Amino acid sequence: MTDIKSMTLEELEQEMEKLGEKKFRARQIYSWMHEKLADRFEDMTDLSVALRKKLAENYVLTRLEPVKIQTSRIDGTSKLLFRLSDGNAIESVLMKYHHGNSVCISSQVGCRMGCRFCASTLDGLERGLTPSEMLDQIYQIQKWSGERVHNVVVMGTGEPLDNYEALLRFLKLLTCEGGLHISQRNVTVSTCGIVPRIRQLADEKLQITLALSLHASSQEKRRSLMPVANKYSLPEVLDACRYYYEQTGRRITFEYSLVGGVNDSAEDAQELARLVKPLHGHVNLIPVNPIKERDYVQSKHAAVVGFKNKLEKLGINVTIRREIGRDIDGACGQLRKSYMDTEK
């Protein structure tokens, strides 16, 4: 059956006409799905019983089932594990800040990018998520928490630009009127550096923030940490970022996971500054979350602070990402992997 929650309002209007219904019914249904966050057609009480029956016979209304929720005793961060209709599982994170609630969502079931320090990629890629499955992570979190989401980060399990068409539709549904209507400027999409898709996204001229998972200051080191670097070289990736900035006017965020003894030296900081300074970007330093399947260790606190200070002296805008959720399988993919291993 057709996935009704992934439809735009215009597409839904066409569907209503096909069903012999008035066009305005589409706006009612759209509001039930994206504003009132209805999980079932029978909950749409201002529609006739006959129309609700027609909808149930012709469409599927995506609803993710929360199967496990962990809330950090340290910082109040919550990680939610959702079961999909096909039995797969994905995870999302709710982070509470003074400026509002942020949700980090997944874009795929698993990931095929193979980044060496990430648990999401250990079992490979199962499939991409539909736009409705991306949206419903946010909807279910809002319903569970009773609080509005202000910022959305597509930085959970999966490579968003490897699920490009679904991502674009998700962004449209998330930011347009008639739904949550979150500002594009409050949305961040992360990528490990799929160059053609970065350029394609730039041409959309959206006002979202693009975050590049950089993690190394040389092609050689990046290749050892991120297999995608074998296909797209560091100069190619940075050139695509420059193009994104030129097309959108939005500065790039460079995500840099600090791995002890691998990419956290003073020389690394100096080379990183040389690379990103011409791009007017922001560097977000991330003390890597260790995972048991890899032997990478987190940089010591003094090394993290020293790296930040070195970048600042070289004129780079830099922050250290606050560590959250360390007591609740905080690294991307950890909760899902432990759940799927248990299910198997």
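The values are calculated or read from the model by the stated rules, or taken from the named source; none is laboratory data. Since the model is a prediction, treat every value here as computed from it, not as a measurement. Cβ coordinates were reconstructed from backbone atoms using ideal geometry, including for glycine residues, and neighbour counts include every protein chain displayed.
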Handout entry: Which listed residue, of VAL276, VAL262, is part of a loop (DSSP other than H, G, I, E, B) and on the phi < 0 side of the Ramachandran plot
Key = VAL262
Exercise for the section: Determine which member of the set LEU279, LEU225 is touching a strand residue (DSSP E or B) at 6+ places or on another chain (Cβ under 9 Å), surrounded by fewer than 19 Cβ atoms within 10 Å (Cβ to Cβ) and within 15 Å of GLY193 (Cβ to Cβ). Expected result: LEU279
Handout entry: Flag if ARG242 is at pLDDT 95 or above, over 15 Å from LEU201 (Cα atoms) and in a helix (DSSP H, G or I)
Key = no
Completion exercise
Residues of region 151-165 being surrounded by fewer than 20 Cβ atoms within 10 Å (Cβ to Cβ) and either more than 14 Å from the chain's Cα centre (by Cα) or touching a residue at least 60 places away in the same chain (Cβ under 8 Å) (or both), in sequence order, are GLU165
Completion exercise
Within region 145-181, of all residues that are in contact with a Cys (Cβ under 7 Å, 6 or more places away or on another chain) and not in a strand (DSSP E or B), the one nearest to THR71 (Cα to Cα) is GLY156
Exercise for the section: Please indicate, with yes or no, whether at least one residue in region 260-282 is under 25 Å from TYR97 (Cα atoms) and modelled with pLDDT of 95 or more. Expected result: yes
Practice task
Scan region 187-222 for residues that are outside any loop (DSSP other than H, G, I, E, B), touching a strand residue (DSSP E or B) at 6+ places or on another chain (Cβ under 8 Å) and among the β-branched types (Val, Ile, Thr) and report the count.
Solution key: 6
Exercise for the section: Determine if region 106-123 includes at least one residue that is small (Gly, Ala, Ser) and part of a strand (DSSP E or B). Expected result: yes
Completion exercise
All conditions in (1) touching a strand residue (DSSP E or B) at 6+ places or on another chain (Cβ under 9 Å); (2) surrounded by fewer than 18 Cβ atoms within 10 Å (Cβ to Cβ); (3) assigned to a helix (DSSP H, G or I) are true of ASP75 except (3)
Fill in the blank from the handout: Only one of HIS181, HIS215 is buried (at least 23 other Cβ atoms within 10 Å of the Cβ) and either touching a helix residue (DSSP H, G or I) at 6+ places or on another chain (Cβ under 8 Å) or charged (D, E, K, R) (or both), namely HIS215
Practice task
Would you check if LEU47 is out of contact with any Asp or Glu (no Cβ under 7 Å at 6 or more places or on another chain), assigned to a loop (DSSP other than H, G, I, E, B) and buried (at least 17 other Cβ atoms within 10 Å of the Cβ)?
Solution key: yes
